[in-house]
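The values are calculated or read from the model by the stated rules, or taken from the named source; none is laboratory data. Given the structure is predicted, the values throughout are model-derived calculations rather than measurements. With ideal geometry, Cβ positions are generated from the backbone for all residues, glycine too; neighbour counts draw on all protein chains shown.
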Amino acid sequence: MFLDEQEKTNSNVYTPLLPPAVAILKKYSKEQEDTGYIIPKLSQQKLNVYLKTLSDACGLNKHITHRVARHTFATTVCGRNGVPRHLISAWIGHKPKQTPTDIYAQPTREESLKFYNVLYEEYKNPDFIPN
């Protein structure tokens, strides 16, 4: 679990990390000490180039951007596994709306951990093939 202060919303969010993401964080631990950034800082353009490379390597014939990747994660990984909308919104960095429901439905560490475990069980199988 990773505690992150969202730059856009200035709120703290507990973000669950699957094992591959934890491995990436460990790989760049020296970077964190040297620069204060969690991983090397990339421009939006460079990130999109990397996503295009991954898309091509996977045989996808789609225009993939950072925004598309975030929202695909939200709908295909989280939405299909029952993660509540307010938690998905917090995980991908959206500012919460100020309706009464949103005010009372603030994501908690316990709730994040519960749904992390749901996702972890679903995706830890090496034979997993998404729909």
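Checking the structure you have, find out if any residue of segment 79-94 is at positive phi and modelled with pLDDT under 80. Yes, there is a match, as at least one residue in segment 79-94 is at positive phi and modelled with pLDDT under 80. Just one of 72, 76, 65 is among the hydroxyl-bearing types (Ser, Thr, Tyr), surrounded by 10 or more Cβ atoms within 10 Å (Cβ to Cβ), touching a helix residue (DSSP H, G or I) at 6+ places or on another chain (Cβ under 6 Å) and modelled with pLDDT of 80 or more; which is it? Selected residue: 65, the only one of 72, 76, 65 that is among the hydroxyl-bearing types (Ser, Thr, Tyr), surrounded by 10 or more Cβ atoms within 10 Å (Cβ to Cβ), touching a helix residue (DSSP H, G or I) at 6+ places or on another chain (Cβ under 6 Å) and modelled with pLDDT of 80 or more. Within segment 115-131, track down each residue that is at pLDDT 75 or above and closer than 14 Å to residue 73 by Cβ. Of everything in segment 115-131, those that are at pLDDT 75 or above and closer than 14 Å to residue 73 by Cβ turn out to be 115, 116, 119.
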